[in-house]
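Scroll down for the structure; my scribbles are underneath it.
The values are calculated or read from the model by the stated rules, or taken from the named source; none is laboratory data. Everything numeric here is computed off the predicted structure, so don't read it as measured data. Here the Cβ positions follow ideal geometry from the backbone for every residue, glycine too, while neighbour counts run over all protein chains shown.
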């Protein structure tokens, strides 16, 4: 029985390692956070949307529509100025401005649909950011049905076209300071979601692929004893580290170049195949933007390579190297999931700091920011990536100079070389 217990304890000890626990914990945190986000979505859907109302017509039909909007929504502005209403909506995190035009009642009387001008306030391009506009659209549809029923009950008109479509909504969207006339939030979300899923996925794949190459290379060298042979040569360990990083960086540069060519083709195809041409509204990438995205991606890859170099130092063999890539994989997946559901600008401050601190999120943030001319945050992200890459490379060089690279031994407090942690603790006891 004791032999069986010893075998079980041995297997549990070998399998239950930090490399095994950390990814599971991170996944649990991610799914827990997503659960909280979806719970918040349910509450947000059930709450009445915040809207602004302007009634430029005094007819009984327009008053009925105005009062119906009031009953179904939370009105944060009911004045007469469109610009003032939009500013108030932005301050109150509102969803839309509904303007009942001066000829609304007369159009109904003349058997024409009444016109309501809708100005949608779109905060971000994430899946979660379109909820407020969706709830306001539900209110618009409900008001339209109520007006149809009222026209039938009062025998106001016998025109079936007017009864079925009493409200003609002319729609515009205010998105990141741009007034996009004739465009709905749904159209913008459709175009933006194409890059919001594919581009982060490609970034994650490139980072994971490049990082796994470094870790597995270190594992192979330790298993085949080639690293020990390399360390016996009259070559400085600093040169070895920078040689490995330079070689991996060249590969990363090639991967980044291939990625940028594919990205340019993808963005061109996305623009040509989309029903909405965002470039007509100044939302596009030029050559300088592509250069900045390429620099950000290369620095993200360099950070991943340096981080994986550190992990590779603690790798014993090729088998262990497979699990050592998981922390980098998790770090790459976090911004992908978060930025898929929410725009970076609409995230809470704590979430923004967390996402920004992960260097692999910078290329994703850069693409969305540069499309709207937000160069400052991209340059700040590049500066952070440089600092992160230099810091991780310094740590890798420092660890490479330690005996822990091969023996797991460190210098004792007296400066004697070759004293293991276990022997040091036994001596202290």
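Which residues, counting only those in region 326-337, are buried (at least 22 other Cβ atoms within 10 Å of the Cβ) and more than 13 Å from residue 362 (Cα to Cα)?
Result: 328, single match.
Take residue 34 and tell me if it is under 22 Å from the mean Cα position of the chain (by Cα) and either at pLDDT 90 or above or outside the structural domain of residue 333 (by TED's automatic domain parsing) (or both).
The answer is yes for residue 34.
Do you know which residues across region 171-193 are in contact with a strand residue (DSSP E or B) (Cβ under 9 Å, 6 or more places away or on another chain) and either within 17 Å of residue 369 (Cβ to Cβ) or assigned to a helix (DSSP H, G or I) (or both)?
The answer is 175, 176, 185, 187, 188, 189.
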